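The values are calculated or read from the model by the stated rules, or taken from the named source; none is laboratory data. Bear in mind that the values here come from a model prediction, so they are computed numbers and not experimental data. Every residue, glycine as well, gets a Cβ built from its backbone with ideal geometry; the counts of neighbours run over all protein chains shown. For accessibility, only protein heavy atoms count, side chains too; no ligands or nucleic acids. Shrake-Rupley method; radii C 1.70, N 1.55, O 1.52, S 1.80 Å.
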Amino acid sequence: MSAAVFTLATLLCGWAALAPIRKRLGTLGFHIAAYPIGLMGWCVVALVGGLTGGPWSPVDVALGLIGASAIIAGLARLSQSSFTGGNPVPRWTYLGWGGVLIALAWAISVSGITQSSYDAVFHYASWGVWLADGGGLTEWIVGAYGPLIPAVSAGGRVLGAGWVATPWPLLSLHVLALVYTAVRSGLLSTLHEMRASFVAIAACGLLASTTHFAGQVLYPHSHMVSATYLLLSVFAVWRALGSDAVEADSDRPSWLLLAGLATAGLAFSRVDGLAYAAVPLAVAGVLRLRRGLPGAALLPAVLGAGLPLAAYYGLAFALLGGWDSDKLSGRAAAYVLIALALLVALVALAERLPLIGHSISTGPTRWVLAASLVAISAVGIARWDSFSDSAVTMYRNLTEKGGYGVLWFVAAAMMLLSLLTWRRWRTGPWPGGLALAIAVFFATAIVVHGSGHPGRLGPADSFTRVAFHVLPLVFWYWGLFAGSVLASERTGVAQVSREGRGGS
Amino acid sequence: MGWRRGTLAVLGVLVALLAYDATRLPERWVFPRPVVAHDLASAADAEGRARMLNAIVGAALRDVAAEAGAPVPKLEVPEDLDELLDVPADEFGGRPQSTLNPSLMGPLLRGRVATADYDPALLEVVVEMLDRDPRVVRYPRDVNVVRPEGLSEDALRALTYRIFVDPTRKRVFLVPLAEGATP
């Protein structure tokens with residue numbers, strides 16, 4: 001029962017948080033975002049528990065989850081100027097989606113099936129116990145593991161679970177649902193519904209059959225969690241800026257707010273997630289320039305990401321001062337936060353920059369790619385020995401030692417083929433946005449891992465595991481590419497037309 | 001139409017490669033094998049490594065204390081804790097890692113792990129007595145915890161355990177300290 005109660009509490013938090021914008025997100029978007037956003041509510045419970053100092057009580061849990069949903073709902077009201085319009089969410093869908101998740105969680109918990117590892121026990125479960133005891137933030141949580149997974153583990157324990165295992169299979173389901181929705185919706189304008197569904201199912205099936213996806217479905221670690229938030233943030237950016245399904249300006253703020261919240265979730269699930277906030281930020285910046293939107297249009301995303309991050313890191317610095325860590329020290333966190341703030345300003349004001357503003361506004365993708373190359377080169381020049389060792393280790397882990405089999409060879413071949421045939425199959429701006437997201441992800445990963453220690457060969461290497469986060473985006477891109485080529489095969493002409501509101 | 005058929009053909013080959021790769025998933029499995037575990041102690045035991053003993057000790061103490069209505073107890077350990085057990089140690093980077101480590105137990109015990117000056121070796125006769133004692137709860141990896149029965153409320157609130165080992169140094173015993181008593 002505890003897993004069912006935990007899942008229900010999480011869903012209720014997410015539904016309440018997103019309630020003001022549910023009609024804008026549509027039925028599918030609203031429900032698919034509820035559980036991941038609800039999970040973030042447990043971070044606020046940890047905050048309340050840390051402030052009260054004792055073991056979490058039912059009052060702490062209620063205050064934290066209600067507080068989290070109230071704060072996010074407040075942001076939603078700020079971001080959305082009007083709440084009329086949009087599609088109502090049928091009541092039966094709450095029972096339907098909630099019933100599926102709760103039943104799955106119950107079945108997993110009754111069976112006891114899980115995976116165990118040093119990290120799962122000592123990084124996440126143990127620090128979850130610490131938080132549930134009212135332990136509060138420590139340098140280990142802030143500098144090494146991130147607050148989200150220990151807080152989720154604490155929440156599960158407080159509600160009666162001896163070993164918290166259910167969020168991971170549920171988030172795996174969310175990843176597949178997001179990829180399916182994204183591929184199918186993206187192809188509906190050019191393919192018959194059944195064919196679009198077939199391509200989407202094939203993309204999900206191939207993703208699920210990869211070793212690293214299958215291996216993480218039950219694995220209590222950070223990767224499926226951060227992959228979910230990265231995918232959700234990019235999905236939300238697509239719905240806001242890259243999809244013709246958005247009804248003019250009315251839905252955009254809601255989707256951008258969701259993109260920002262998911263970006264914060266990414267940063268909370270892993271300490272290096274903070275750096276990968278660059279991915280949705282870069283894509284949102286490019287797309288808003290392409291659409292001719294002002295920088296202020298991104299404000300909901302900035303609020304959605306910025307306020308949780310500012311609150312969390314502000315509290316961390318206030319409680320801990322600075323902190324030491326091999327992964328994210330206080331000093332490094334400050335640098336990354338400042339860099340992100342500057343990036344946000346740059347993205348918002350890009351077209352106004354003297355000398356280069358016009359060039360950026362007409363060719364934003366080139367500038368992002370150039371900036372990525374500059375960042376990689378800077379790290380390479382500054383730390384050539386460790387960078388070159390890291391680069392070799394990263395390559396060998398992706399292609400030989402990391403347990404990915406032929407996957408990355410196939411992915412590279414697919415990307416190359418898509419670029420060679422780009423003009424013939426691409427419809428609309430989004431495939432470019434998605435390709436850019438994948439490119440910026442790898443650029444960020446190379447900078448992060450190239451500037452640290454060289455890593456180790458094998459599946460346990462940090463970069464090997466981090467590469468999993470981008471897999472859903474890769475298979476999303478694959479589905480769009482394959483489906484678009486298939487559509488061209490049938491019609492002989494790539495069509496661009498108004499898409500229906502995806503899945504709602 | 002040539003580029004489309006060619007592109008679809010290449011995509012088909014790539015998909016076939018991935019599908020073939022998927023058939024080799026069992027031999028390429030690089031993650032922990034699925035296990036059945038309903039609590040922290042059994043999940044730690046299922047992981048297999050020697051250092052999981054720290055989690056089992058922490059979980060065992062918490063469970064037993066909670067059952068008695070006591071808060072999370074304090075644990076006193078000898079100064080040579082890393083040499084206490086005679087079990088094969090884990091290695092990391094080619095170096096052996098101490099099996100028992102206060103920093104790994106700390107988060108489970110609210111950080112209340114302290115060193116104390118005492119002899120952690122139990123006599124065989126004491127071990128035999130504990131093996132017959134119904135107050136002893138047995139956990140995975142032969143971690144044995146004595147329930148804190150018969151203690152006053154004040155003693156429960158200030159509950160402190162000490163870690164001991166049997167003469168073979170393979171079995172762990174966690175024994176509550178009585179007020180004012182020394183073992």
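Points worth noting:
- Selection from segment A:156-169 of residues that are outside any helix (DSSP H, G or I), more than 9 Å from chain B (Cβ to nearest Cβ) and surrounded by fewer than 24 Cβ atoms within 10 Å (Cβ to Cβ): A:Leu159, A:Gly160
- Here A:Ser79, A:Ser117, A:Ser153, A:Ser185 are screened, and the one residue that is crowded, with 18+ Cβ neighbours inside 10 Å, of a type outside the set (Phe, Trp, Tyr) and within 30 Å of A:Leu486 (Cα to Cα) is A:Ser185.
- Check on B:Val125, outside any helix (DSSP H, G or I), open to solvent by 20 Å² or more (accessible area, probe 1.4 Å) and β-branched (Val, Ile, Thr): no
- Meets criteria (open to solvent by 50 Å² or more (accessible area, probe 1.4 Å), farther than 27 Å from A:Ala161 by Cα and of a type in the set (A, V, I, L, M)) for A:Leu28: yes
- If the condition is being at the interface with chain B (Cβ under 7 Å from one of its Cβ atoms) and in a loop (DSSP other than H, G, I, E, B), then segment A:108-141 contributes A:Gly112, A:Gln115, A:Ser116, A:Ser117, A:Asp133, A:Gly135.
- Count of segment A:139-179 residues which are touching a strand residue (DSSP E or B) at 6+ places or on another chain (Cβ under 6 Å) and in contact (Cβ under 8 Å) with a residue 40 or more places away in the chain: 2
- Residue count for segment B:130-164, restricted to those that are exposed (fewer than 13 other Cβ atoms within 10 Å of the Cβ) and charged (D, E, K, R): 7.
- A:Gly85 meets the stated requirement of being touching a Ser or Thr at 6+ places or on another chain (Cβ under 9 Å) and assigned to a loop (DSSP other than H, G, I, E, B).
- Selection within segment A:458-478: residues that are assigned to a loop (DSSP other than H, G, I, E, B) and either at pLDDT 90 or above or small (Gly, Ala, Ser) (or both). The member of this set that is least open to solvent (accessible area, probe 1.4 Å) is A:Gly458.
- One residue from A:Ser226, A:Ser233, A:Ser254 being among the small types (Gly, Ala, Ser), on the phi < 0 side of the Ramachandran plot and touching a Gly at 6+ places or on another chain (Cβ under 6 Å): A:Ser226
- Any hit, segment A:1-19, residues being assigned to a helix (DSSP H, G or I), surrounded by 15 or more Cβ atoms within 10 Å (Cβ to Cβ) and without any contact (Cβ under 8 Å) to a residue 24 or more places away in the chain: no
- Scanning segment A:367-391 for residues that are over 30 Å from A:Gly357 (Cα atoms) and either touching a residue at least 60 places away in the same chain (Cβ under 8 Å) or within 14 Å of another protein chain (Cβ to nearest Cβ) (or both) turns up A:Arg383, A:Ser386, A:Phe387, A:Asp389, A:Ser390.
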